[in-house]
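One structure is given here, and the rest of the page talks about it.
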Amino acid sequence: MTNPPSSVTVIKDAANRYFLSFVVEINQQLLPESPNSVGIDLGIKTFAVLSTGEKIDAPKPLKKRIKHLRKLDRNLSRKQKGSNRYERARVRKAKLYARMKDTRKDFLHKLSTRIIHENQVIVLEDLNVAGMVKNHKLSKAISDLGWRQFRTFLEGKAEKYGRDFRVISRWEPTSQKCSCCGFVGGKLDLSVREWTCLNCGTVHDRDSNAAVNILVAGGHSETLNGRGGKRQTFVKEAAAVEASTHLEKPVQLSIFDILQ
Ligand SMILES: [Zn+2]
C-alpha cells in the first residue's frame, strides 16, 4: 500500500500519550469517477449542510464530560505550579481533553472520507476562522468545531483519491442569493433560517440554499430544473485523469491518519 517511511518520530503529547509519526510517500488510490458533486456550507449550529439538502450534526461532547472537565480545571487551578500534585492534575485534565478531541477528529475523518468517496467535485466555502475567533462569544464554539481540520482532511483525501477539491472565497453572497433564479436579496440576519425569494417565490432553507450556491460558485455548472426538480450535474474536468499517479511531496501522517 505505501512505501517504507523515510523517518519515524516519537511524539509525546500533553496527556503523556506517545505517538509514532511516519513520513511516507503515499501512492494515489484513484477511485472510480463519480457523477456527483457537492457544495458544503459549514456552520455553528449544524456542522455541515450539503447542497443535496443533507444536514450533518457534529457529536456534542457529553454534558457529563464537560462538567468533569470543569471540575478538573478547578482542581488544577488550586494546585501550586511545578508541584507533583499540579503535574498529576494537569495530566488528568489533558487526558480528558484529548479524549474529547479524538471523538471530534474521528467524526471529521469519517465525514470527509464519505464525502470524498461519494463526490467527484467538492466545493467548500473558505471561512475566516481567525477573524471569527476574535469575536469572543463565538470563539469557544468555533475553535472546538474543527473547520480547519476538516478542510485539511478533505484536501488531503481529494489528492489521495483523485478528486477535485475547490475552495471558494467567503465573499460570495452564498446566503443572500436565490439558488433557483440568481436574484440577490438583502442581507439576512443570522437568525433567519428560512426565506422566500422575492423574484421567483421559492422558499429556501438558508443553509441548503447557501450550499447550492457554494457548489455553483466553485465553477461547477449546475442547473436547477425548477423547484424540487432534478439536478443535472456535469463534471467538466476529470480530476482523476489530470492528476499524476504519484504524490510529489511527502505527506506527514500520523498512524491514525494512515488507518483511516
Ligand atoms: Zn428566486
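The values are calculated or read from the model by the stated rules, or taken from the named source; none is laboratory data. Quick caveat: nothing in here was measured; it's all calculated off a predicted structure. Methodologically, a virtual Cβ is constructed for each residue, glycine included, from the backbone with ideal geometry; neighbour enumeration extends over all protein chains shown. Calculation scope for accessible area: heavy atoms of the full protein, side chains included, ligands and nucleic acids excluded. Shrake-Rupley method; radii C 1.70, N 1.55, O 1.52, S 1.80 Å.
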request  = Give me a count of the residues in region 151-187 that are modelled with pLDDT of 85 or more and away from the ligand (no atom under 14 Å from the Cβ).
outcome  = 18
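Those residues that are farther than 23 Å from Val192 by Cβ and among the aliphatic types (A, V, I, L, M), I need them from region 39-87; list them, please. Steps first, please.
To start, the set of residues in region 39-87 that are farther than 23 Å from Val192 by Cβ comprises 59-87.
Matches in region 39-87: Leu62, Ile66, Leu69, Leu72, Leu76.
A quick yes/no check of all residues on (1) part of a loop (DSSP other than H, G, I, E, B); (2) among the β-branched types (Val, Ile, Thr); (3) open to solvent by 20 Å² or more (accessible area, probe 1.4 Å):
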position	(1), (2), (3)
Glu172	yes, no, yes
Ser175	yes, no, yes
Gly182	yes, no, yes
Asp207	no, no, yes
Val216	no, yes, yes
Gly219	yes, no, yes
request  = Please name all residue pairs, on different chains or six or more residues apart, with Cβ atoms under 7 Å, provided the first residue is in region 177-196 and is touching a residue at least 40 places away in the same chain (Cβ under 8 Å) and the second residue is open to solvent by 80 Å² or more (accessible area, probe 1.4 Å) and more than 9 Å from the ligand (Cβ to nearest atom).
outcome  = Cys180/Arg227
query = Can you name the strands (runs of 3 or more DSSP E) wholly within region 14-122 that have at least 2 residues being open to solvent by less than 80 Å² (accessible area, probe 1.4 Å) and touching a Pro at 6+ places or on another chain (Cβ under 8 Å)?
reply = 18-24
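Could you look through region 188-202, keep only residues that are open to solvent by 50 Å² or more (accessible area, probe 1.4 Å) and near the ligand (Cβ under 10 Å from one of its atoms), and pick out the one that is nearest to Val49 (Cα to Cα)? Give the steps one after another, and end with the answer.
At the first step, the residues of region 188-202 found to be open to solvent by 50 Å² or more (accessible area, probe 1.4 Å) are 189-191, 193-194, 196, 198-200.
Narrowing the set further to residues that are near the ligand (Cβ under 10 Å from one of its atoms) leaves 196, 198-200.
Numbers: Thr196: 19, Leu198: 23, Asn199: 24, Cys200: 23 Å.
My answer is Thr196.
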